[in-house]
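Student: This is the structure I want to talk about, given as structure tokens.
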Amino acid sequence: MTAKLIDGVAVAQKIRDECRERVQRIIAQGGTPPGLAVIIVGSDPASQIYVRNKIRACANVGIKSFRFDYPADVSQDTVIDQIMQLNDDPAVHGILVQLPLPPTFDMSRILHSISADKDVDGFHLYNVGGLVVGGTVFPPCTPYGVLKLLEHEHITLEGKNVVVVGASNIVGKPMALMLMQHEATVCICHAKTRDLAQFTILADILVVAAGYPNLIQPEMVRTGAVVIDVGINRLSDGQLVGDVNFAGVVAKASYITPVPGGVGPMTVSMLLVNTITSCERWQQQNFVPIVKKFSSARAAT
């Protein structure tokens, strides 16, 4: 058996083509073009590349981008003040703070200062809580992209055993919650899991987002499993690899994502989708901000 490669580049391009059409439709109806504000603190090389890619992707589909660069020693309050201004800016429909932030920053405070209605990364408490009760407006981009890849390949989740390796707030935990919404039976493993192979070998679908190169070896994967490799790691020789031993696992799996070219391109595409969705929400005549809607619901109880 040789696994079918899930081409994230091709799927991401299809989604971007759909995004371009949605933007054109908004403008044709007299609406304001979607706008994404990106805040970056410090000069981390990888972050600089990620931000450039996001801004380029915005331009490609017609989303306006607003970039705000700050030195690593900027005060946290300065960044929060900027976020507050963007929360009130009608030309901005999505706000993204590029991670990681300097260690002196309170990441939770920064992320939660973003309006829930512009939280296109899906990190606000409202959107995270929505993953539990089913009311998320903006799903986190990477897990959202994984679901779209599975959907594209017509891989059903209902009743499947899915193992998620990695329990981060950005990928692993929201991934597990989103999979459960699709009626999958989910097991989530992490760095403290003993005998990881006893869990992974049971997976019909294995999603790996642990951040350890070649963590998953062929003997840890059931024959015919679907393997989604979210990890991206740079080795000492400069080679980019995932968390899965691709050369070995490709001979056992039924489907597998490559690294690079798998999940990575989907993350940016889903950011575009969320930004356009936000723009469409803001331009609805009956739009009610999430916080006001949430407060009204609480008052009613």
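Student: How many nm is it between the label spots at THR2 and HIS154, if each spot is 7 Å from the Cα in line with the beta carbon?
Tutor: So the two model labels end up 2.3 nm from each other.
Student: Please sort through the DSSP H helices of the chain and keep those with an alpha-carbon extent of at least 18 Å along the long axis and a Kyte-Doolittle average not below 0.0.
Tutor: Within the chain the helices that satisfy the rule are 264-282.
Student: By how many nm would the segment from ALA59 to GLN198 lengthen if fully extended, with 0.36 nm per residue of separation less the alpha-carbon distance?
Tutor: Taking 0.36 nm per residue and subtracting the Cα distance, the gain is 45.5 nm.
Student: I need the trypsin sites (Lys or Arg not before Pro) found in the range 165-232, filtered to DSSP loop residues with at most 11 other beta carbons within 10 Å of theirs.
Tutor: Sparse-neighbourhood loop trypsin sites (Lys or Arg not before Pro): LYS192, ARG194.
Student: Quick one: if the Förster radius is 30 Å, what FRET efficiency do ASP77 and SER47 give, using the C-beta to C-beta distance and rounding to 0.05?
Tutor: For R0 = 30 Å, the calculated efficiency reads 0.90.
Student: In nm², what is the average projected area of the convex hull enclosing the Cα atoms of the chain?
Tutor: On the way: hull surface 67.7 nm².
The Cα convex hull of the chain, projected and averaged over all directions, gives 16.9 nm².
Student: Sequence-distant or interchain residues sharing an amide H contact under 5 Å with VAL244, placed H: which?
Tutor: For VAL244, whose amide H was placed from the backbone, the distant partners under 5 Å are ASN214, LEU215, ILE216.
Student: Right, here's the next one. About its Cα centre, how strong a charge dipole does the range 30-115 have in debye, to the nearest 20, once Lys and Arg get +1 and Asp and Glu get -1 at the Cβ?
Tutor: The calculated dipole for the range 30-115 is roughly 460 debye.
Student: With charges set only on the Cβ (+1 for Lys and Arg, -1 for Asp and Glu), what does the dipole of the range 1-57 come to about its Cα centre, in debye to the nearest 20?
Tutor: 100
Student: Once amide H atoms are built 1.01 Å from N in the peptide plane, which residues 5 or more positions from ALA37, or in another chain, come under 5 Å H to H?
Tutor: Sorted by chain and number, the residues that satisfy this are PHE66, HIS93, GLY94, ILE95, LEU96.
Student: Could you work out the local net charge near THR104, counting Lys and Arg as +1, Asp and Glu as -1, over the other residues with Cβ closer than 15 Å to its Cβ?
Tutor: The answer is -3.
Student: Quick one: putting +1 on the C-beta of Lys and Arg, -1 on the C-beta of Asp and Glu, what dipole do you get for the range 141-264 around its Cα centre, in Debye to the nearest 20?
Tutor: Charge dipole of the range 141-264: 220 debye, to the nearest 20.
Student: Pick out which of VAL221, VAL74, VAL241 has the largest mean-square fluctuation in a Gaussian network model of the chain, springs linking Cα atoms closer than 10 Å.
Tutor: Comparing VAL221, VAL74, VAL241 in the GNM, the peak value goes to VAL74.
Student: Rg/Rh for the range 30-115 to two decimals, with Rh computed the Kirkwood way over all alpha-carbon pairs. All intermediate terms of the calculation are to be shown ahead of the outcome.
Tutor: Working: Rg = 13.0 Å, Rh = 13.4 Å.
Here Rg/Rh amounts to 0.97.
Student: Residues with amide H under 5 Å of CYS189's amide H, sequence separation 5 or more or different chain, H placed in the peptide plane at 1.01 Å from N; which?
Tutor: It is VAL164, VAL165, GLY166, by chain and number.
Student: Mind listing the phi-derived Karplus ³J(HN,Hα) values for the range 253-260, rounded to whole Hz, using 6.51, -1.76 and 1.60 with θ = phi - 60°, and x for any glycine or proline?
Tutor: Going residue by residue, I get 6, 8, 9, 7, 9, x, 9, x Hz, with x marking Gly and Pro.
Student: R0 = 25 Å: FRET efficiency of GLN29 with ARG67, Cβ-based, nearest 0.05?
Tutor: Working: r = 27 Å, r/R0 = 1.10.
E(calc), rounded to 0.05, equals 0.35.
Throughout, read-outs are computed from the coordinates displayed, never taken from laboratory work. Predicted model only: the values in this text are computed from it and were never measured. A quick note on method: Cβ atoms are made from the backbone with ideal geometry, for glycine too, and the neighbour counts reach across all protein chains shown.
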